[in-house]
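Inspection log for the structure reproduced underneath, given as structure tokens.
The values are calculated or read from the model by the stated rules, or taken from the named source; none is laboratory data. Because the structure is predicted, anything quoted here is derived from the model rather than measured. FYI the Cβ positions are ideal-geometry reconstructions off the backbone, even for glycines, and counts take in every protein chain you see.
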């Protein structure tokens, strides 16, 4: 049933995209604003299986909370569909995210796509949201998201199957508290060497990408990966400031 929901939503959404603006769809402008702000291309959205519910399903399909939302499929490490997350398209959407209930502690978003590359490189970025993963992908890097504010020990153990080195990019809220124990401690418990780097003056990497552009975002990601692999904690303020002005990179 979940797989049908994703497939049907995707099929309707992209048939609409190809015919824009011939079809009058109530969520069209807000959706395009969201995708544009996130820097998500048509190809990337297709690749990740993003979609929306068909118009005919609005107010009818259960769960109704997935109506009027951008649908994001959630897969386990083996590629099995375990849930669907609905991201509010409008600013006043409440809640901002809603998903079909699942055992989040056993899932890392993006691992089913990138596990081989993570295993080969013995390195991964760790972030909190789907959009951070996609922004890092556009910069040529592989990341997984734990989809929340804390990393479960089961998620850390899952990641430890594929890598011993992680660079964590925390949300601004955690940086302000200067307390990453809810992420760092589970990783250290399972033997992962972890470093962290802030998305300077932005809430997260996704917003940093939007504010500073592809060049600066790639510069940050390239440098952070190198610093992690070379066992250097990437927290030098002068370097971070250079990242924000890396338009010529």
Worksheet item: Inside segment 148-167, can you point out the residues that are in contact with a strand residue (DSSP E or B) (Cβ under 6 Å, 6 or more places away or on another chain) and surrounded by 24 or more Cβ atoms within 10 Å (Cβ to Cβ)?
Response: 166, 167
Practice prompt. Test residue 200 against the criterion of being at pLDDT 85 or above and either outside any loop (DSSP other than H, G, I, E, B) or under 20 Å from the mean Cα position of the chain (by Cα) (or both), and give yes or no.
Written response: no
Worksheet item: Is there a residue being over 16 Å from the mean Cα position of the chain (by Cα), modelled with pLDDT of 95 or more and closer than 28 Å to residue 215 by Cα anywhere in segment 152-163?
Response: yes
Discussion item. For a quick check of your reading of the model, give me the residue pairs whose first member lies in segment 198-217 and is at positive phi, whose second is assigned to a helix (DSSP H, G or I) and crowded, with 21+ Cβ neighbours inside 10 Å, with beta-carbon atoms closer than 6 Å and at least 6 apart or on different chains.
Written reply: none
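Out of all the residues in segment 111-128, which are closer than 13 Å to residue 74 by Cα and surrounded by fewer than 24 Cβ atoms within 10 Å (Cβ to Cβ)?
112, 113
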Item to complete: Return yes or no: is residue 235 outside the structural domain of residue 39 (by TED's automatic domain parsing), buried (at least 17 other Cβ atoms within 10 Å of the Cβ), at pLDDT below 90 and on the phi < 0 side of the Ramachandran plot?
Response: no
Worksheet item: Looking at (1) surrounded by 14 or more Cβ atoms within 10 Å (Cβ to Cβ); (2) in contact with a helix residue (DSSP H, G or I) (Cβ under 9 Å, 6 or more places away or on another chain); (3) modelled with pLDDT under 95, which is the one condition that is false for residue 213?
Response: (2)
Practice prompt. Check whether at least one residue in segment 169-183 is farther than 20 Å from residue 225 by Cα, in a loop (DSSP other than H, G, I, E, B) and more than 18 Å from the chain's Cα centre (by Cα), and report yes or no.
Written response: yes
Worksheet, complete the sentence: residue 180 passes all but one of the listed conditions (1) modelled with pLDDT of 70 or more; (2) within 20 Å of residue 134 (Cβ to Cβ); the exception is number (2)
Discussion item. Looking at segment 42-79 only, could you name the residues that are modelled with pLDDT under 90 and out of contact with any helix residue (DSSP H, G or I) (no Cβ under 8 Å at 6 or more places or on another chain)?
Written reply: 43, 47, 56, 58, 59, 60, 62, 63, 64, 65, 68, 69
Discussion item. Looking at (1) farther than 19 Å from residue 108 by Cβ; (2) surrounded by 19 or more Cβ atoms within 10 Å (Cβ to Cβ); (3) at pLDDT below 85, which one does residue 218 not meet, given that it meets all the others?
Written reply: (3)
